[in-house]
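Below: the structure, in structure tokens.
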Amino acid sequence: MNGWGCKQDVNVGIDLIAELAEQGHAQAQFKLGRYYDTGEGLPQDVEKAIMWYTKAAEQGYAKAQYNLGLM
């Protein structure tokens, strides 16, 4: 989503992150959860944020565990 080396396209970035999250990549699951949590690039949806944070947290991803604790 940063657009390094190419034109920035938030929708393409989110699509790629979502694809990785679906494949079980913990960091992508965390990022997707954060996007839903904050409403950055996606409509804010607390239930989806919790779902993605939980998937990442179950893999030991500390930032997701922390964000779940805050929620």
Considering residues that are open to solvent by 30 Å² or more (accessible area, probe 1.4 Å) and not basic (Lys, Arg), the number found within the stretch 25-66 is 24
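Yes/no matrix, rows are residues, columns are (1) among the polar types (S, T, N, Q); (2) out of contact with any helix residue (DSSP H, G or I) (no Cβ under 9 Å at 6 or more places or on another chain):
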site: Val10; (1), (2): no, yes
site: Leu16; (1), (2): no, no
site: Glu19; (1), (2): no, no
site: Gln23; (1), (2): yes, yes
site: Arg34; (1), (2): no, no
site: Thr38; (1), (2): yes, no
site: Gly41; (1), (2): no, no
site: Tyr61; (1), (2): no, no
When you scan the chain for helices (runs of 4 or more DSSP H) that lie fully inside it, which ones turn up with 1 or more residues that are of a type in the set (Val, Ile, Thr)?
-> 10-22, 26-38, 46-57
Subset of the stretch 1-45 (residues that are β-branched (Val, Ile, Thr) and in contact (Cβ under 8 Å) with a residue 24 or more places away in the chain) = Val10, Ile14
Among what's in the stretch 2-24 and is open to solvent by 70 Å² or more (accessible area, probe 1.4 Å), more than 16 Å from Ala57 (Cα to Cα) and of a type in the set (A, V, I, L, M, F, W, C), pick the residue that is modelled with the lowest pLDDT.
-> Trp4
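The values are calculated or read from the model by the stated rules, or taken from the named source; none is laboratory data. As the structure is a computational prediction, the values presented were derived from the model and not from experiment. Note that we place each Cβ from the backbone using ideal geometry, even for glycine, and neighbour counts take in every protein chain shown. All accessible areas refer to the heavy atoms of the entire protein, side chains included, with ligands and DNA or RNA removed. Shrake-Rupley method; radii C 1.70, N 1.55, O 1.52, S 1.80 Å.
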